[in-house]
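The values are calculated or read from the model by the stated rules, or taken from the named source; none is laboratory data. Computed from a predicted structure; not experimentally measured. In this analysis, Cβ positions are derived from the backbone assuming ideal geometry, glycine residues included, and neighbour counts consider all displayed protein chains.
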Amino acid sequence: MEHPETGHGLRSYVIGFVLAVILSAVPFWLVYTHALPPQRTLLVIGIAAVLQVLVHLRFFLHINFTTTPRENVLALVFTGILLFIMVGGSFWIMFDLHSRMLL
């Protein structure tokens with residue numbers, strides 16, 4: 001199942017899948033078992049989320065970070081803008097609700 005012109009085969013997808021499962025299971029386990037203090041758990045969740053994005057970009061979208069064509073750079077910039085809007089908007093809504101509830 002190896003594609004000679006691209007070098008993407010089943011092995012790449014399996015490695016990506018295993019890494020994605022591990023990077024998803026570790027934060028779930030930490031929250032479920034309360035193994036770390038809440039601040040460290042949030043830090044681990046954030047790091048796992050960033051690593052999860054990188055794993056998906058590398059193993060599933062096959063975006064190589066050493067030689068990226070213009071389309072890949074545009075896709076990464078667009079993804080960054082969307083993430084900024086979604087995360088920033090979520091924080092804006094949460095902080096606004098927090099201030100309106102006077103907590």
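Observations on the structure shown:
- Unique residue being in contact with a helix residue (DSSP H, G or I) (Cβ under 8 Å, 6 or more places away or on another chain) and part of a helix (DSSP H, G or I) when the list is H62, H98, H56: H56
- The residues listed here are L30, L97, L61, L54; of these, the one that is surrounded by 10 or more Cβ atoms within 10 Å (Cβ to Cβ) and touching a Leu at 6+ places or on another chain (Cβ under 8 Å) is L30.
- Residues in segment 16-53 that are more than 20 Å from G80 (Cβ to Cβ) and either in contact with a Ser or Thr (Cβ under 9 Å, 6 or more places away or on another chain) or charged (D, E, K, R) (or both): P27, L30, V31, H34, A35, R40.
- Per the conditions (1) under 16 Å from the mean Cα position of the chain (by Cα); (2) modelled with pLDDT of 85 or more, the sole criterion not satisfied by F65 is (2).
- Contact map, segment 68-82: residues that are assigned by TED's automatic domain parsing to the domain that holds V53 and in contact (Cβ under 8 Å) with a residue 60 or more places away in the chain paired with residues that are assigned to a helix (DSSP H, G or I) and of a type in the set (A, V, I, L, M, F, W, C), Cβ distance under 8 Å, separation 6+ or inter-chain. No pairs are found.
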